[in-house]
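Below: one structure, written as structure tokens.
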Amino acid sequence: MDSAVEKLFYFLDNKTADLQQQSGLSYLESLQQTLEKWLDGEAAPTGAYGKEEIRKAVQLTVLKGMKEHVQPHHQMTPDSIGLLISYFAELFIKAESFTVLDPAAGTGNLLLTVMNYLDGRTAGTAVEIDELLIRLAAATAELTDQPVTFYRQDALGPLLVDPADAIVADLPVGYYPDEETAAGYRLTSSEGMPYAHHLFIEQSLRHTKEGGYLFLVIPQNLFESAEAQNLHRFLKDSAHIQAVLQLPEAMVKNSAFAKSVLILQKAGDGVKAPREVLLARVPNLSNKTAMAKFFQQTDEWFRSSKQ
Ligand code: SAM
């Protein structure tokens, strides 16, 4: 571990554990208060820390807290996926500055990984239903000095957010129980409860500008489910699939399900489909030669299919 990250992690962990003992709150609630105290200047670490050092140290403490309270639906997006998405966002988006929306922001780790990677070029919006997670995300955004506007709400309900240039999201997977809200979606199910992850794709596209890009972490079997045909038809009408990247197991080791990254471009006037969709398996990050080859192939695909 980077020594500055380690130092900061121990600072946050000690303060959090002390607070937890005094207050009887959970570790994550105590961490949230520790971050607030840091922001207020009440208990700040000594020394200066960079944005990535702060994000990584907070991430490690959140992961420790999540072990205490296993929450399978709130899992933080690991750095490896965040960095892969950052690389693709930089490849696809050439604008000097742009807006990015994460409608399922959780702890903010994915959004802030991307914003730190493209530092200074992005303004963010985050939506999250869980009160504690969004507070943790808001404190981390402030500590890392990233401009993010937060909305605590059901992201599938009416969303008063301007369309963004880009969406990044690690989609919550499962059923969505609010039938009334789901009825307003083309991707609602004809029988039984609809899939939340399908509705999230539709909602994300509604909140993307024409020609904007979406970088979505999806279950690998997305196009094989009972509702897949409906999803295919919807995507054909509203977007151009750019890439489907199958993630190696090691990248999603905390998850029971295999994942991929789906990259879409919202359809619009003058927006052309790529000559070919990039279908690839992402190698293990530890295999440097395979990763270098993967990035080289991606660059070649981009030059031949997108330009
Ligand atoms: N990218 C996040 C991070 O790095 O922490 C993790 C996202 S996690 C896989 C999915 C998130 O979606 C969870 O935090 C969950 O609370 C949130 N979520 C689930 N249903 C939601 C809804 N209807 N509206 C808003 N957020 C929702």
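The values are calculated or read from the model by the stated rules, or taken from the named source; none is laboratory data. What you see is a predicted model; the values in this text were computed from it and never measured. Because the Cβ atoms are built from the backbone with ideal geometry, glycine has one as well, and the counts that use them run over all protein chains shown. When the accessible area is computed, the model is the full protein with side chains, heavy atoms only, and any ligands, DNA or RNA have been set aside. Shrake-Rupley method; radii C 1.70, N 1.55, O 1.52, S 1.80 Å.
The 3J(HN,Hα) values that the Karplus relation (6.51, -1.76, 1.60; θ = phi - 60°) gives for segment 221-235 are, in residue order, 8, 3, 8, 10, 6, 4, 9, 4, 4, 4, 4, 4, 4, 4, 5 Hz. Gly and Pro appear as x.
Expressed as a rounded percentage, what relative contact order does the chain have, with Cα pairs under 8 Å and six or more residues apart? Mind dumping the intermediate values first?
Numbers: 516 pairs, mean separation 38.8, N = 307.
About 13 percent, as a whole number.
The translational diffusion coefficient of segment 72-208, from Stokes-Einstein at 4 °C and 1.567 mPa s with a Kirkwood hydrodynamic radius over alpha carbon pairs, comes to 85 µm²/s.
Loop only per DSSP, at most 16 neighbouring Cβ atoms within 10 Å: give me the GluC sites (Glu not before Pro) in segment 169-207, ordered by residue number.
Values: sites: GLU179, GLU180, GLU191, GLU202; in loops: GLU191.
Here the sparse-neighbourhood loop sites are GLU191.
Using a simple spin-label model with pseudo-atoms 7 Å out from Cα toward Cβ, ARG152 and ASP2 lie 3.0 nm apart. Largest mean-square fluctuation among LYS209, LYS259, LYS288, in a Gaussian network model of the chain whose springs join Cα atoms under 10 Å apart, belongs to LYS288.
Computed with the Debye formula from one identical point scatterer per Cα of segment 235-307, without solvent, the log10 of I(q)/I(0) at q = 0.19 Å⁻¹ comes to -0.85. Computed over protein heavy atoms with a 1.4 Å probe, the carbon and sulfur contribution to the accessible area of the chain reaches 49%. Scanning residues 5 or more positions from ALA155 or on other chains, none has an amide H under 5 Å from its amide H, with H placed 1.01 Å from N in the peptide plane. Placing unit charges on the Cβ atoms only, positive for Lys and Arg and negative for Asp and Glu, gives segment 249-302 a dipole magnitude near 160 debye about its Cα centre.
Would you tally the net charge around GLY192, using a Cβ to Cβ cut-off of less than 13 Å, leaving GLY192 out, and scoring K and R as +1, D and E as -1? Spell out each step's value before the answer.
Details: positive: none; negative: GLU179, GLU191, GLU227.
Net charge in that neighbourhood comes out at -3.
Considering the convex hull of the alpha carbon atoms of the chain, report its projected area averaged over all viewing directions, in nm², one decimal. Intermediate values should be presented prior to the final figure.
Numbers: hull surface 65.6 nm².
Mean orientational projected area (the chain, Cα hull): 16.4 nm².
Loop only by DSSP, 14 or fewer other Cβ within 10 Å of the Cβ. Give me the trypsin sites (Lys or Arg not before Pro) in segment 97-161 that pass, ordered by residue number.
Taking segment 97-161 and a limit of 14 other Cβ atoms within 10 Å, no loop trypsin sites (Lys or Arg not before Pro) are found.
Residues in segment 121-161 average 42 Å² of solvent-accessible surface per residue, probe 1.4 Å, ligands and nucleic acids excluded. Taking amide H as placed 1.01 Å from N in the peptide plane, GLY212 has its amide H under 5 Å from the amide H of LYS266, each at least 5 places away in sequence or on another chain. Among GLU29, GLU276, GLU128, the residue with the largest mean-square fluctuation in a Gaussian network model of the chain, with springs joining Cα atoms closer than 10 Å, is GLU276. Highest mobility in the GNM of the chain, judged by mean-square fluctuation with C-alpha springs under 10 Å and restricted to ARG275, ARG55, ARG206, is found for ARG275.
Taking only protein heavy atoms and a 1.4 Å probe, what accessible area per residue, in Å², does segment 175-307 have with all protein chains in place? Write out the running numbers ahead of the final one.
Numbers: 7280 Å² over 133 residues.
That works out to 55 Å² per residue.
In this structure the amide hydrogen of ALA105, modeled in the peptide plane, comes within under 5 Å of the amide hydrogens of VAL127, GLU128, none closer than 5 places in sequence on its chain.
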